[in-house]
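Asker: Sharing a structure below in structure tokens format, with a few things to ask.
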Amino acid sequence: MAAVKGYIEKIKYRNEDNGYTVLSISGLDDGEEYVLVGTFSYIAEGEMIEASGRMTEHPIYGEQMAVESYELKAPEDTVSMERYLGSGAIKGVGAALASRIVKKFKADTFRIMEEEPERLAEVKGISEKMAMSIGEQVEEKRDMRQAMMFLQNYGITLNLAAKIYQEYGPKLYSIIKENPYKLADDIPGVGFKMADEIAEKVGIFTDSD
């Protein structure tokens with residue numbers, strides 16, 4: 001079993017229905033490029049990933065890691081934070097602005113974004129409106145990632161999970177647990193049969209009102 005940790009440089013291929021992804025990362029320890037293949041519920045360029053799996057040799061694409069388990073990590077140091085923010089992960093923040101944000105708030109950058117986003121307006125080039133927009137995007141990304149992982153437990157494809165999240169936002173948790181049949185009414189692509197299967201996994205029985 002091999003293990004690697006680094007930044008996602010490029011998502012080369014992604015199937016939005018089942019999450020099968022081919023991506024390249026830059027290794028944190030050696031700066032080498034590694035190609036990872038596997039199923040990822042939610043992933044974006046610029047994120048930091050720690051993965052383990054088997055190294056395989058593809059006849060056309062060369063050496064790859066078939067990922068068996070992985071964890072997305074919050075950027076831990078200022079270089080990582082700057083790199084993540086400048087990767088295009090947050091709309092409106094490019095490399096130069098990312099550098100100014102991290103220079104100002106240092107290791108506290110992510111806490112500020114999540115808990116006191118209005119303080120981002122202290123950075124040259126960020127208006128109060130933009131500061132709040134950045135804070136909202138950081139929160140949205142975190143909420144969406146959690147939602148995608150939650151919905152996968154019920155056998156929902158990633159494409160459908162994204163539609164459900166866009167329709168309901170944080171309310172989706174109570175809807176799934178209390179009345180998953182609502183999905184059949186509101187979400188194109190969810191039929192009664194699928195709602196029935198979700199209901200069964202949640203513990204709502206067929207004779208329930």
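The values are calculated or read from the model by the stated rules, or taken from the named source; none is laboratory data. All values reported here derive from a predicted model rather than from experimental measurement. A quick note on method: Cβ atoms are made from the backbone with ideal geometry, for glycine too, and the neighbour counts reach across all protein chains shown. In case anyone asks, the SASA skips ligands and DNA or RNA and just uses the protein heavy atoms, side chains included. Shrake-Rupley method; radii C 1.70, N 1.55, O 1.52, S 1.80 Å.
Asker: So, E116, is that one surrounded by 13 or more Cβ atoms within 10 Å (Cβ to Cβ), touching an Asp or Glu at 6+ places or on another chain (Cβ under 8 Å), of a type in the set (D, E, K, R) and farther than 25 Å from I25 by Cα or not?
Answerer: So E116 does not fit the description; no.
Let's see how each residue does on (1) open to solvent by less than 80 Å² (accessible area, probe 1.4 Å); (2) within 15 Å of G6 (Cα to Cα); (3) not in a loop (DSSP other than H, G, I, E, B):
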residue	(1), (2), (3)
I25	yes, yes, yes
D29	no, yes, no
G38	yes, no, yes
A44	yes, yes, no
I49	yes, yes, yes
G53	yes, yes, yes
E57	no, no, yes
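Asker: While we're looking at this one, here's another question. Among the residues of the range 118-127, are any more than 22 Å from Y173 (Cβ to Cβ) and acidic (D, E)?
Answerer: yes
Asker: List every residue pair whose Cβ atoms sit under 7 Å apart, with the two residues 6 or more apart in sequence or on different chains, where the first one lies in the range 159-172 and is under 16 Å from A184 (Cβ atoms) and the second, anywhere, is surrounded by fewer than 15 Cβ atoms within 10 Å (Cβ to Cβ).
Answerer: Final answer for the pair search is L160/G189; K163/G189; E167/D186.
Asker: Are there any pairs with C-beta distances below 8 angstrom linking a residue in the range 61-78 that is under 10 Å from M48 (Cβ atoms) and free of Cβ contacts under 8 Å to residues at least 40 places away in the same chain to a residue that is in a strand (DSSP E or B) and open to solvent by 40 Å² or more (accessible area, probe 1.4 Å), with the two at least 6 apart or on different chains, and if so which?
Answerer: The qualifying pairs are E71/E50.
Asker: Residues E114, E167, E139: which one is assigned to a helix (DSSP H, G or I), over 23 Å from A95 (Cβ atoms), among the charged types (D, E, K, R) and in contact with a helix residue (DSSP H, G or I) (Cβ under 9 Å, 6 or more places away or on another chain)?
Answerer: E167
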